[in-house]
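These notes concern the structure reproduced below.
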Amino acid sequence: MEIERKFLVRSLPENLDVYPFHRIEQGYLSTEPVVRIRRQDEDYYLTYKSKGLMVREEYNLPLTKEAYFHLRPKADGILISKKRYLIPLSDHLTIELDLFEGELAPLILAEVEFPTEEEALAFTAPDWLGEDVTYSSDYHNSTLSQKNPVRTTREP
């Protein structure tokens, strides 16, 4: 089960370069249901995600490098490339800050995963995070892969 909130970003946190990060490339074999392939650094995965916005079923299966590159040309839409920074928020919460590259730049999104739905609903975001877009499927990566235009920053 994946329980997460998603936000636009008002401003990048200071000293971003001190946080660990991953290089991610992902493509979608299907957007309904969501079936995704992902390369994260030198690890490869096939992921299934159910319908939903804040709460969804999610299953990750390991892929070999060869299987990933075999499936990659079969992706529907664009391949998403992003740099994901891992910013600790508390003893058990981390902000995953995604700086999109290529066709989706300059989009920046932040996600926080929670152990329970109650904790997700009670969450107060730090000031540098912007509009909560958790309930907008426009900001799902599967939607973004179809090159639908979205706002990249919070409107005044």
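Have a look at F7, I80, M54 and report the one farthest towards the positive end of the charge dipole of the chain, computed about the Cα centre with Cβ charges (Lys/Arg +1, Asp/Glu -1).
The Cα lying farthest towards the positive end belongs to I80.
How do the peptides 2-12, 36-46 rank, highest first, by the average count of neighbouring beta carbon atoms within 10 Å per residue? Could the numbers behind the result be given before it?
Working: 2-12: 17.9, 36-46: 16.4.
Ranking, from highest mean packing down: 2-12, 36-46.
Cross-link partners among aspartates and glutamates for K51, C-alpha distance below 14 Å, same-chain residues fewer than 8 apart left out?
Cross-link targets: E2, E4, E32, D138.
With only Lys, Arg, Asp and Glu charged, each at its Cβ (+1 for the first two, -1 for the last two), find how big the charge dipole of the range 16-126 is about the Cα centre; round to the nearest 20 debye.
500
Residue-wise, which Karplus ³J(HN,Hα) couplings in Hz belong to the range 53-64, taking 6.51 cos²θ - 1.76 cosθ + 1.60, θ = phi - 60°, and x for glycine or proline?
Couplings: 10, 7, 10, 8, 6, 9, 10, 10, 10, x, 10, 7 Hz.
So, how do all the Cα-to-Cα distances of the chain break down into 5 Å bins, in percent, from 0 on up?
In whole percents, the pair-distance histogram is 2, 9, 17, 22, 23, 16, 8, 3, 0, 0.
As an exercise, use a Förster radius of 25 Å and the Cβ-Cβ distance of H92 and V55 to find the FRET efficiency, rounded to the nearest 0.05. Mind dumping the intermediate values first?
Working: r = 18 Å, r/R0 = 0.71.
Calculated value: 0.90.
What does the accessible area per residue of the range 5-156 come to in Å², with a 1.4 Å probe and no ligands, DNA or RNA counted?
On the way: 8310 Å² over 152 residues.
Computed with neighbouring chains in place, this is 55 Å² per residue.
Along Cα→Cβ, 7 Å out, is where each label goes; now give me the distance between the ones at F69 and T124 in nm to one decimal.
Result for the modelled spin labels: 5.0 nm.
Okay, helix-only estimate at 222 nm for the chain: each DSSP H run of n ≥ 4 adds -39500 (n - 2.57), divide by all residues, round to 500 deg cm²/dmol; what do you get? Mind dumping the intermediate values first?
Working: 3 runs with 17 residues, N = 156.
Only helices count here, giving -2500 deg cm²/dmol.
Give me Rg over Rh for the range 71-150, both radii from the alpha carbons and Rh done the Kirkwood way, two decimal places.
Values: Rg = 14.1 Å, Rh = 14.2 Å.
Looking at the range 71-150, the ratio lands at 1.00.
Using a 10 angstrom cutoff on alpha carbons, build the Gaussian network for the chain and name the most mobile of H22, H92, H140.
The residue with the greatest mean-square fluctuation here is H92.
The values are calculated or read from the model by the stated rules, or taken from the named source; none is laboratory data. Nothing here was measured: the structure is a model prediction, and the numbers come from that model. Cβ atoms come from the backbone with ideal geometry, glycine included; neighbour counts cover every protein chain shown. In case anyone asks, the SASA skips ligands and DNA or RNA and just uses the protein heavy atoms, side chains included. Shrake-Rupley method; radii C 1.70, N 1.55, O 1.52, S 1.80 Å.
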